[in-house]
1. Along segment 39-47, what does the Karplus equation 6.51 cos²θ - 1.76 cosθ + 1.60 (θ = phi - 60°) give for ³J(HN,Hα), rounded to whole Hz, x for Gly and Pro?
2. What value does segment 67-159 have for Rg/Rh, both radii from Cα atoms and Rh as Kirkwood defines it?
3. Cα centroid distance between segment 134-186 and segment 594-628, in Å?
4. Residue 669: which lysines have alpha carbons under 27 Å from its alpha carbon, excluding same-chain residues fewer than 8 sequence positions away?
5. Over what distance in Å are the Cα centres of segment 633-710 and segment 496-574 separated?
6. Please list 3J(HN,Hα) in residue order for segment 488-503, calculated via the Karplus relation 6.51 cos²θ - 1.76 cosθ + 1.60 where θ = phi - 60°; whole Hz, with x for glycine and proline.
7. What are the residues whose amide H is under 5 Å from the amide H of residue 457, where those residues sit 5 or more places off or on another chain and H is modelled from the backbone?
8. Arrange the peptides 619-632, 168-181 so that the one whose residues have, on average, the most other Cβ atoms within 10 Å appears first.
Amino acid sequence: MARRLAEFVTRRRRAVLVVAVLLALLGGATSTSLFGKLSAGGFDDPGSESGLAADQLEETFGQSPPNLALLVTAPGGVDGATAAEAGVRLTEGLAAEDDVRDVVSYWASGQPQLRSEDGERALVLATITGDETAANERVGELADTYGGEVADGVDVEVGGYAAFSHELTEQSERDVVTGELIVFPVTLIALVLVFGGFVAALLPLAVAATTSLLGMGLLWALAEVTDLSVFAANVVTLAGLGLAIDYSLLMVNRYREELAGDRTVPEAIRAMLGSAGRTIVFASLTVCIALATLILVPLPAIRSIGYAGVLTALLAAAASLLVLPALFAVLGRRVGTPRLRRRSSGPDGADGAGGFWHRLAMFVMRRPLPIATVVTAVLLLLGAPFLGMKLGYLDERVMPESSEARQVAAAIQADFPSGEQDALQVVAPSGLAQPGAYAERLSQLDHVGRVDTVTGSYAEGAQVAPASPLHERFAAGDAVYLSVVPEPGTVEQTRELVGAVRAVDAPAETLVGGVAAVAEDADESLLDMLPWALGAVGLAMVVLLFLLTGSVLLPFLALVLSTLSLTATFGAMVWIFQDGNLSGLFDFTVTGTTISTVPVMLFALAFGLAMDYQVFMLSRIREEYDRGASPVAAVALGLEKVGRIVTAAAVLISIVFLAFLVSDITLMKAFGVGLPLAVLIDATLIRGALLPATMRLLGGATWWAPAWLRRVHARFGLRESADDTALTEPVASAR
């Protein structure tokens, strides 16, 4: 396959490049309208109890939680004539808008919970119909119409979930553009330093541009058939750049080695594809498998990031295997060759005059047990804060303080007396024989302020208001629902209330919904999925790494080492983002919790990259072992030949991921810190110390496998070495 691919890209090099450019331009052109199709939501489980409760409320009662809030401020008080006239006008105008329903305001209803305690602010609440993408677009139009000063001294701010989603989408789009403007020139400078030449430095960026542009175009097409998160675009752009650089570094380095070995350009391309090319195939598969675990998550936003990640890994590998060899065929020896040291062969096949990585490997393998113990202790110490992780839900606090949606949410939380916006809905689709008695029991729970249902309102186990026309909305045919309004308190108290409400025996089947219930169910869905996802990815990685190494023990060792490095990363993330250390440096709001989706997404991305580097390293070590080196010498020689490349790749991809820090969204900042940290820990402490130390401790057992598995590996396994006999066959010439 490698020989046929080499012949194809060598003979058709210009056609391959022209097609790649055309596809990239097409992808870039279609992606200009991509963000209009993306959603900032999708962090809930539609099939959970809270999701089914929301469906019942919509289908049976024709009600949806309000997703638009107009916060009206009148310094003279909202009961003044000017404010009242403006409020009525806002209410009537909003009610007449297309795609808007269930408009309620303080001036139209007189509900005291819609008026702030100081009397200077009041709310107009409404529901924008349609899916999240449609609501995202519509709220922008409504904000332009109703936001700002509407009367003398009367000001309107636009908030609610739809406004938050709209701002999040717009901010994500700006972050993508800003990140690209920063990361491409900085990466180019770093690549020039790594490769020592401008032409060679441009090659990874060419592959990255092809990957990112084509990926954005395919994301646009994918958005036609499924819901996609705005964060999927960030993954395609930055992960595409990072993986393209990783794979290009490996390919360029191997191509230069082959040229330095007096091969012709076509021979060097064939040898490169037969060795580094196969490694990239396996490496991209490991990334795909890690990111495919996100597709198993029932949360649409996380699932869409899994789609984007798998797509990006495949495109980065395809571009590296097609575009890069075609560029080599066109440029020939102008890519340049590295300055190679003369090496003298020492005892046992080791390099007597090896470079830094060879000396480091030998140093570690002379003291494997103490070094492994110290490094493991350091990683576990760094990971200790992970034990105190508290999961939270994505809300307006991930936005900067200048966000209007965040300001409105903070004002409602602080200035309005009731927990109406945090109310839980308890839906009984088949009805309740005695809804009043059930409401009385619910009203006795801790942190419950009031329970409303068709028979009236209840508090502290007693009825406090009789049934009125306002209570009629709680019944539709036989179906009934109750609104459990919590007392003002913390988010954690409201989430605890979800479990307490569900624990009360109901006289019929009920479904509990509401914002807090959505958050609880999302966390539960993630935790339920986690063992299956970890088991699937672990099994797949063991199989792939066995095919790479032919060893029974090395795949399990690789999984343990990668997990150890991620533990340290998660500990640092909790220490920084949950506990608030360095919040001033990274400019984010401390919430005391970790957004539940962050560890899942970070694990998939970081674990995939860690296994990516495992493939790079172990494939070269296996090559030296197959050439006759002892287990010790194979490790030292393998690290010497690929350690510099892995380190350079880690530094470069860290530069790419640091671009996430330019974002004003806390979620993105977490990736901007977590991913570089995971990559650098893996490329230094794991690859430079723990891997050689543990392989030295295993000794000859490192490469052990039973006879039947050795036969499997001989037939299907990867060999990271060029087939010299195949290279003697004719190959199309390249200039």
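1. 3J(HN,Hα) across segment 39-47, in whole Hz: 10, 8, x, x, 9, 10, 9, x, x.
2. 0.96
3. About 38 Å separates the Cα centre of segment 134-186 from the one of segment 594-628.
4. 37, 390
5. 23 Å
6. Residue by residue, segment 488-503 yields x, x, 7, 4, 5, 5, 5, 5, 5, 5, 4, x, 5, 5, 5, 7 Hz.
7. Here 464, 465 satisfy the definition.
8. Peptide ranking by packing, descending: 619-632, 168-181.
Bear in mind these aren't lab numbers, they're just calculated from the coordinates by the rules spelled out. Here the structure is a predicted model, which is why all the values come from computation and not from measurement. Cβ: placed from backbone, ideal geometry, glycine included. Neighbour counts: every protein chain shown.
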